[in-house]
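One structure below.
Readers should treat all values here as calculations from the given coordinates under stated rules, not as data from a laboratory. Remember, it's a predicted structure, so these values are computed and weren't measured experimentally. Here the Cβ is made from the backbone with ideal geometry for all residues, glycine too, and neighbour counts use every protein chain on show.
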Amino acid sequence: MGKKSFILFFCLFAVLSGCATRPTNPEELKAYEEVNDPLEPMNRGIHAFNQVADKIVLKPIAKGYRAVVPSFYRGWVSNFFDNLSQPVHFLNALLQGQLKDAGSSLGRFVTNTTFGLFGLFDVATEAGIPNPSNDFGQTLAKWGWDGDGGPFLMLPILGPSNVRDGIGTGVDAVAHPMGWALWNEQKLHYGLVGLDGVATRERALDLLDDLEKTSTDYYATLRTMSRQNRRKKINQVLNNKEDEKPDYEADFSDIEWED
Amino acid sequence: MKKMILFLVAVFMSFAVRAEDPAINFVDKLADKILTEVVTSNKEKDEKETLFRDAFTEAVDLKGVGQFVLGTVWKKTSEEDRTAFLNAFTDLTVKTWADRFNLYTGQQIIFQGTRNAERGQIYVDSVIQDKQPVEVIWRLRPSKDSYKIVDIVVEGVSMASTYRNDYRAFLQQNANSVSALTEELARKSREFKSENAK
């Protein structure tokens, strides 16, 4: 299936699966607005697809990678790709006016590319340089698209996101230096992107297995965790004051405590 | 002279206690207890699980959390079903965490301070030192002369909120039946057992 027909299939799927029905009961309406997932039928379809793709392709490869490559060398791979994405984090930090984060990303890139042998060793972390990893979703939030970033989206393969952060992921991918450096070496480029994907999936093995094993609705669990975690990342660039940590969403005001 | 020294020691002790925030102290002691008696100890697996279960049920306000995670359904649930749900919920949570402890590789927890929340609740801010530091917020409520944990927030993700969202989705698809949810949690716990026995 070519790229175009894939997009077409995706749109058709969205139309055919339709939208979640808006509840009328005020309690249910509150919950409905909180999860902000009007495309739930489509998203659940994509989630089902992801789970199958994960089960038969991604997870076995990630497990094989873990079994074959010793942790020390897997560390090299993770460090290498993390270092290569620092220029993107640096640009985002600048666009967000987060000068301290921009300094960290630049500092990491310079230190790890030189002393860390092209990023294989993470000497920056050992030197105490933080890794803020600013992304374009945050940049869009800083530019005014704050809040939840539009409806929740389950992206094929990439997993939980929302409209704003999905656009952010796309922009960050286009801006990534690897694609530009390997403009004439597309095969190598795709190979490296694939390796990065396998390494990322390997790092998430324990967490995702755990969540799938312990949740009663895996999709709903991924949806809420992703939203909460993104809210924290967005708030980090919106209010830069370190002493002003934002509140989170659990509202205990109705709970009757018993001693 | 001896009395004098005792007096000085007593004064010094009171300063030391005051300097240490009681909420931080509560979490610190709990984390330390679980770390030394469960996570890093050489005891048998079953004994570890019992020790952890006791510490967990003692420290966490399970009834409060249960009310929160069931949301509006809690009020419509009979006392009997509530108890059954809380038992199944505790079972699965204890199993989940006992499993997670295997991933521990010596990370340290550093306390950064506390903040006051509504209704006398307190947030204890902490960071678990790892390659990428992990931010953990402990939400406590005062209880008698100590505290109870009502939530743990890891990198912005509230445990209580996550369970609530998970169970709400399950309940919506199962005619809001708490007993169906309880049965599902029990099934998940049994799966844990058989998987660990392999």
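In chain B, helical runs assigned H by DSSP with n ≥ 4 each contribute -39500 (n - 2.57); averaged across all residues and rounded to the nearest 500, the mean residue ellipticity at 222 nm is -19000 deg cm²/dmol. With the helix formula -39500 (n - 2.57) applied to DSSP H stretches of n ≥ 4, chain A reaches a computed 222 nm mean residue ellipticity of -20000 deg cm²/dmol. Rounded to the nearest 10 degrees, the inclination of helix A:205-214 to the longest alpha-carbon principal axis of chain A is 10 degrees. Every Cα-Cα pair in the range B:77-147 was counted, and those over 15 Å apart are 72% of them. Orientation-averaged projection of the range B:2-190 equals 14.2 nm² [convex hull of Cα atoms, one quarter of hull surface area].
Label sites at B:Ser179 and A:Val69, each approximated as a point 7 angstrom past Cα along Cα to Cβ, lie 5.2 nm apart. The distance between label points at A:Val52 and A:Cys19 comes to 2.8 nm (points 7 Å beyond Cα on the Cα→Cβ vector).
Based on Cα contacts under 8 Å between residues 6+ apart, the range B:63-198 shows a relative contact order of 26 percent. Centre-to-centre separation between the Cα atoms of the range A:83-139 and those of the range B:45-107: 40 Å. The aspartates and glutamates within cross-link reach of B:Lys29, meaning a Cα-to-Cα straight distance under 19 Å and a gap of 8 or more places when in the same chain, are B:Glu20, B:Asp21, B:Glu37, B:Glu49, B:Asp54, B:Glu58, B:Asp61, B:Asp125, B:Glu135, B:Asp145, B:Asp151. GNM remark for chain A: springs join alpha carbons under 10 Å apart, and the peak mean-square fluctuation among A:Gly116, A:Gly168, A:Gly147 falls on A:Gly147.
Membrane-span-like helices in chain B (whole DSSP H runs, Cα extent of at least 24 Å along the helix axis, mean Kyte-Doolittle hydropathy of at least -0.5): B:2-19.
Computed over chain B with a Gaussian network model linking Cα atoms closer than 10 Å, the most mobile of B:Asp61, B:Asp151, B:Asp99 is B:Asp99. Cross-link pairs exceeding 22 Å in C-alpha to C-alpha distance, out of A:Lys55/A:Lys213; A:Lys213/B:Lys76; A:Lys63/A:Lys187; B:Lys48/B:Lys131; A:Lys142/A:Lys232; B:Lys95/B:Lys148, comprise A:Lys213/B:Lys76; A:Lys63/A:Lys187; B:Lys48/B:Lys131. Count Lys and Arg as plus one, Asp and Glu as minus one, and take only other residues whose Cβ is under 14 Å from that of A:Leu192; the net charge is then -2. Between 0 and 90 degrees, the angle of helix A:218-238 with respect to the longest Cα principal axis of chain A falls at about 60 degrees.
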